[in-house]
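**Student:** A single structure is presented below for examination.
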Amino acid sequence: MKKADFIDNILPFVSKASRYLGNEINAVKKDLSKVDLKFALAFPDAYEIGMSHLGLHILYNILNSQKEVACERVFTPWPDMEAIMRDKNIRLSTLESHVPVKDFDVLGFSLEYELSYANILKMLSLAGIPLLSKKRDESYPLVIAGGPCTYNPEPIADFFDAIVIGEAEELIIDFCKIFITWKNSKAPKKELLDALSEIDGIYIPSFFDPVCNEDGTIKKIIPLKKGYELINKRVISDFNNVAFCTSPIVPYMQIIHDRAGIEIARGCTRGCRFCMAGMIYRPVREKNIAKIKQLSDEALSNTGYEDLSLASLSSGDFSGIQEILELLITAHKHNRVSISLPSMRVETLTRALMDEIKQIRKTGFTIAPEAGTQRLRDVINKGITEPEIISTATQIFSAGWTLIKLYFMIGLPTETADDLKGIIDLSRKIASTDRRKQLNVSVSTFVPKPHTPFQWEQQDTSRTILEKQHFLKDRLQRGKIRIKWHNHNLSILEGVFSRGDRSLHKVIIKAHEMGAGFEAWTEHFQPELWDKAFLECGIDKLFYLRKRSLDECLPWSHISCGINDDFLKNELIKSQKEQITRDCRTNGCSNCGVCRKAGSKGLTCSFGSYTAKDSATHYSTPSQTAPDNSSFCYRLRFTKTGSARFLSHLELSRCFARCMRRAKLPLKYSSGFHPHPRIIFNEALPVGLESREEFLDILLAQKLDKDEIPLKINCCLPEGIKVLSADEIPLKNKPVIDRINKYAICFPEKTTSDFAPQMEIERFIEAFKKQKKFILESIKKGKSFQTDLKQIVREISLTANKTLELELNPGEIKTPRITDIAGRILHLGDKEKKALKIIKYS
């Protein structure tokens with residue numbers, strides 16, 4: 001299906017927010033006929049989730065930077081879109097070119113969480129690709145995966161041809177070279193898999209054969225290729241100079257993490273015994289301040305984002321965190337850029353850091369004690385004390401913040417009733433530091449993860465989880481304390497897949513056939529469906545929640561994240577003795593094995609050393625704009641045409657604000673904790689309408705040549721939006737004077753039985769003209785309204801080319817939507833109204 005046909009025939013029935021995808025700022029569109037490798041980058045969840053993932057942007061950038069490679073994106077269609085696709089037999093396609101995924105060479109999935117597994121099969125099914133790798137020959141795309149879930153890939157191993165273990169920035173280049181060579185050779189698929197297995201960090205599931213005992217446990221995992229017995233994760237050695245994306249795609253719709261992100265460090269040495277990320281991303285590597293400053297400046301310039309996130313597993317542990325925060329806030333304060341640190345530990349959150357952060361915006365603060373008592377915090381090696389927690393909370397409230405979020409876990413190893421009571425006591429103590437402030441307590445359920453000291457521990461059953469949740473809810477939900485908890489059924493399903501084996505692929509297939517998908521979304525999760533799938537496959541969920549013996553062969557035993565098993569076992573023993581392991585940043589190497597194993601390549605944990613003097617030497621404060629009391633107002637006239645008509649008013653506002661930031665206009669901002677550019681639209685244009693003339697006003701801090709403004713902005717605006725002119729107007733301006741609004745309404749080219757023939761349309765028009773009153777009834781917020789269209793419609797006619805032309809009177813009467821006006825006059829239903837193409841001329 002051509003892109004135009006896709007837009008005209010399918011998108012009218014789809015959620016409006018998704019209609020402009022593939023045409024975002026910084027999206028890359030290549031001629032697929034001129035590349036050697038077509039790579040579809042898949043995220044098995046909704047667009048707004050996948051586009052928030054930093055790794056997706058990095059890989060998209062790396063792949064498209066290769067001349068011979070074209071990379072395009074594909075996400076799981078929302079259920080309404082899926083229903084239409086299945087009903088009309090439409091194959092899953094990429095966003096950029098709308099080419100079916102089945103026509104690509106490689107389909108690569110990013111697996112960030114276990115609850116997305118059913119969506120993998122949903123996407124394969126919609127693409128017309130067999131679910132099992134053994135049923136796919138050379139005529140299908142090679143299906144691969146990467147991400148943290150691949151450290152135990154066994155539950156989904158049978159779906160993939162190859163799986164990336166570890167960090168992919170360099171590996172993906174090696175992969176592409178081998179794939180292109182194989183493709184040109186026209187050799188069998190087996191030769192490609194053989195070649196890929198030679199790349200460090202690539203796991204070929206079909207090259208291993210797990211053998212089970214009679215009780216269902218793993219007896220051994222047999223390697224089927226000589227010399228290919230253990231898969232070591234791929235690790236980036238030069239993290240400071242590794243490829244990074246400073247031109248990420250900027251969505252028009254609001255996504256979960258709607259901001260620019262810079263990864264300042266990778267890895268963590270804190271050693272929390274429940275934390276998989278803290279183990280698999282070792283060793284710790286940091287970017288230097290100069291590199292972070294460079295990347296931040298480029299990312300903000302290329303995106304127009306108003307928020308910058310300094311990302312790592314523990315941002316406060318970054319060696320130069322105070323210096324880089326001061327530097328970035330100073331450099332971007334005039335543009336009202338908010339700097340956020342998404343992962344801060346209590347002991348690293350100093351008053352100095354708080355004072356820096358609140359200079360721009362008071363974003364929220366989160367404290368993660370994880371456990372309610374010191375004993376249990378020692379068991380999990382959290383490394384923070386109650387006095388530190390109370391002191392930090394007190395400082396946060398006294399610094400002006402009104403909300404703190406607390407994160408706790410239930411079901412941790414050795415947990416007792418006293419530990420649950422400790423959650424209540426600690427929460428109340430923090431709330432009592434300032435009873436005017438809000439405290440949100442989030443309680444999740446402990447899920448044992450592979451490659452952690454607790455990988456052998458038992459997980460709580462549903463009944464136990466519910467008992468603990470009700471215990472906390474009954475005692476905490478009062479006053480300024482609010483408590484939230486995770487769905488116990490989701491925690492159980494996550495736990496099963498986290499430590500599952502290959503036999504679980506049957507359950508995933510069965511659940512998919514029953515309609516599973518979007519398990520991470522509460523409104524779509526169906527626990528009864530999964531229970532039935534497990535039952536029909538003869539698999540007991542409790543088998544995967546059980547405690548494991550230390551000598552048991554685990555399903556992921558042939559996958560190495562670099563951590564020694566002896567280290568993990570020793571940490572488990574220390575947890576049982578309530579002993580802590582100090583952070584190797586300050587107390588010497590803890591002998592986890594990562595640095596020793598990576599040492600052959602000269603790779604160890606690397607920590608920087610920075611001072612404020614160093615920062616001041618290298619960077620200076622940017623030149624200041626005009627004084628705050630200088631303001632200049634300009635009225636912009638612009639068009640909104642083509643596929644841009646599907647942008648909502650909020651999305652259009654966000655688009656203009658970020659484009660103006662990219663154009664480096666000296667914008668004026670509102671006051672308050674969340675400043676916004678002073679941009680005012682004359683009116684909100686309904687979704688789906690094209691317009692040849694719209695107006696907005698902007699307030700600038702400097703006087704600019706009015707002819708220069710359109711040139712600056714148009715270079716940054718997307719296809720379909722263009723500024724025609726700009727005129728300076730008085731600061732105390734009035735909205736655009738009411739004028740006659742003229743519309744042209746085009747009917748679908750292929751008229752169906754849903755639309756009246758031309759003679760009927762003309763008859764409806766004449767009937768309308770003869771009426772003295774013509775009432776349009778509507779219901780808004782439960783209230784009924786009646787509007788006389790004879791007072792609103794000035795002229796109506798049908799042209800020779802079958803276009804309906806409407807002129808609406810200016811006036812004080814609130815005008816209904818043009819689609820409702822046309823629908824009432826022509827007796828159209830909702831479906832027919834959605835198919836109309838409407839153009840506003842003035």
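**Student:** Residue farthest toward the positive end of the dipole of segment 522-586, with Cβ of Lys/Arg at +1 and Asp/Glu at -1: which of N570, L554, H524?
**Tutor:** Looking along the dipole axis, the top candidate is N570.
**Student:** When the dipole is taken about the Cα centre of segment 761-820, and only Lys, Arg (+1) and Asp, Glu (-1) are charged at their Cβ, what size is it in debye, to the nearest 20?
**Tutor:** 280
**Student:** A further question follows. Hey, got the Cα dimensions of segment 425-499 along the principal axes, in Å, largest first?
**Tutor:** That works out to 44, 24, 16 Å along the principal axes.
**Student:** Next question, about the same structure. Projected area of segment 494-606, taken from the Cα convex hull and averaged over every viewing direction, in nm²?
**Tutor:** Spelled out: convex hull of the Cα atoms, projected over all directions, averaged, 10.6 nm².
**Student:** Keeping the other protein chains in place, figure out the carbon and sulfur percent of the accessible area of the chain, with a 1.4 Å probe.
**Tutor:** For the chain, the apolar C and S fraction of the accessible surface comes to 50 percent.
**Student:** Using Cα-Cα distances under 8 Å and only pairs 6 or more residues apart, what relative contact order does segment 98-226 have, in percent?
**Tutor:** 20
**Student:** Taking N as the number of residues in segment 182-237, what value does Rg over Cα atoms divided by 2.2 N^0.38 Å take?
**Tutor:** Its radius of gyration relative to the 2.2 N^0.38 Å reference: 1.42.
**Student:** In degrees, nearest 10, range 0 to 90: what is the angle between the Cα axis of helix 79-88 and the longest Cα principal axis of the chain?
**Tutor:** Taking Cα atoms only, the helix is inclined about 70 degrees.
**Student:** Given H placed on each backbone N at 1.01 Å, which residues far from S725 in sequence or on other chains put an amide H within less than 5 Å of it?
**Tutor:** It is R637, by chain and number.
**Student:** Before I look further, what does segment 158-210 give for accessible area per residue, probe 1.4 Å, in whole square angstrom?
**Tutor:** 37
**Student:** Quick one: dipole size for the chain, taken about the Cα centre, charges +1 on Lys/Arg Cβ and -1 on Asp/Glu Cβ, in debye to the nearest 20.
**Tutor:** The calculated dipole for the chain is roughly 1960 debye.
**Student:** So if I restrict to the alpha-carbon atoms in segment 301-417, what is the Rg, and what is Dmax, the biggest pairwise distance, in Å?
**Tutor:** When restricted to Cα atoms, segment 301-417 yields Rg and Dmax of 16.0, 53 Å.
**Student:** Sticking with this structure for a sec: Semi-axes, largest first, in whole Å: what does sqrt of 5 times each Cα gyration tensor eigenvalue give for segment 775-842?
**Tutor:** 21, 16, 10
**Student:** Another question, then. Using all Cα-Cα distances in the chain, what percent lands in each 10 angstrom bin from 0 up to the longest?
**Tutor:** 2, 11, 19, 23, 21, 14, 7, 3, 0, 0
**Student:** Give me the accessible area per residue for segment 803-842, probe 1.4 Å, as a whole number in Å².
**Tutor:** It amounts to 51 Å² per residue over segment 803-842.
**Student:** Given the whole protein assembly as supplied and a 1.4 Å probe, what does the accessible area of T76 come to in Å², nearest 10?
**Tutor:** Per-residue accessible area (T76): approximately 10 Å².
**Student:** Taking amide H positions as placed in the peptide plane 1.01 Å from N, state which residues far from F109 in sequence (5 or more) or on other chains have amide H under 5 Å from it.
**Tutor:** Placed amide hydrogens put A42, I144, A145, G146 under 5 Å from F109.
**Student:** Another question, if that's okay. Please report, in debye to the nearest 20, how large the charge dipole of segment 76-172 is about its Cα centre when each Lys and Arg carries +1 at its beta carbon and each Asp and Glu carries -1 there.
**Tutor:** For this selection, approximately 540 debye.
**Student:** Output ³J(HN,Hα) for segment 279-295: one whole-Hz value per residue in order, computed from phi by the Karplus curve 6.51 cos²θ - 1.76 cosθ + 1.60 with θ = phi - 60°, and x for Gly and Pro.
**Tutor:** 8, 6, 9, 5, x, 6, 9, 10, 7, 7, 4, 4, 5, 4, 4, 4, 5
**Student:** Now a separate question. Quick one: accessible area per residue over segment 266-416, 1.4 Å probe, rounded to a whole number of Å²?
**Tutor:** Per-residue value: 28 Å².
**Student:** Going by alpha carbons, how many degrees (0 to 90, nearest 10) lie between the helix axis of 386-398 and the longest principal axis of the chain?
**Tutor:** For 386-398 against the chain, the angle is about 20 degrees.
**Student:** Another question, then. I need the peptides 526-537, 280-291 ranked by packing, meaning the mean over residues of other C-beta atoms within 10 angstrom, with the highest value on top.
**Tutor:** So the peptides 526-537, 280-291, ranked by packing, come out 280-291, 526-537.
**Student:** A follow-up question, please. A 22 angstrom limit on the alpha carbon distance is what I want to check against. Which of K102/K134; K135/K183; K88/K802; K668/K742; K29/K67 exceed it?
**Tutor:** Too far apart for the 22 Å limit: K88/K802; K668/K742.
The values are calculated or read from the model by the stated rules, or taken from the named source; none is laboratory data. Keep in mind the model is a prediction, meaning the values are calculated, not measured. Reconstructed Cβ throughout: ideal geometry from the backbone, glycine too, with neighbour counts over all protein chains shown. The accessibility values were calculated without ligands, DNA or RNA, using every heavy atom of the protein model including side chains. Shrake-Rupley method; radii C 1.70, N 1.55, O 1.52, S 1.80 Å.
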